[in-house]
Amino acid sequence: MADDANRQLLEARRLVNMLLRVCRQTLVFFEGASAMDKNRIQRLLRDAIRESDQFLNQR
């Protein structure tokens, strides 16, 4: 049981870090200082949403 809790904690930390990175990249994009194009930002946002949904919907 403790191993499962540790695994979930590590996964939650990984997800939060990924969401933070995507938020920062999106902000830089909207500020006009990003080398990424609109399609890449959209893909990153979709991936973040998908991974968040999967984490929140797991049992």
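The values are calculated or read from the model by the stated rules, or taken from the named source; none is laboratory data. These numbers come from a predicted model, not from an experiment. With ideal geometry, Cβ positions are generated from the backbone for all residues, glycine too; neighbour counts draw on all protein chains shown. With ligands, DNA and RNA removed, areas are computed over all heavy atoms of the protein, side chains included. Shrake-Rupley method; radii C 1.70, N 1.55, O 1.52, S 1.80 Å.
A compact table of results
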{"quantity": "Residues of the chain: accessible area per residue with a 1.4 Å probe, Å²", "calculated": "83"}
{"quantity": "Rounded to the nearest 20 debye, dipole of the chain from Cβ charges on Lys, Arg, Asp, Glu", "calculated": "140"}
{"quantity": "DSSP-assigned coil residues among trypsin sites (Lys or Arg not before Pro) in the stretch 13-46, each with at most 16 further Cβ atoms within 10 Å", "calculated": "none"}
{"quantity": "The chain: calculated mean residue ellipticity at 222 nm from DSSP helix runs of at least 4, using -39500 (n - 2.57)", "calculated": "-29500 deg cm²/dmol"}
{"quantity": "Apportionment of accessible area to carbon and sulfur, the chain, percent (1.4 Å)", "calculated": "56"}
{"quantity": "Mean shadow area of the chain, taken as a quarter of the surface of its Cα convex hull (nm²)", "calculated": "4.1"}
{"quantity": "Charge sum, other residues only, whose C-beta stays under 13 Å from Thr26's C-beta, Lys/Arg counted +1 and Asp/Glu -1", "calculated": "+3"}
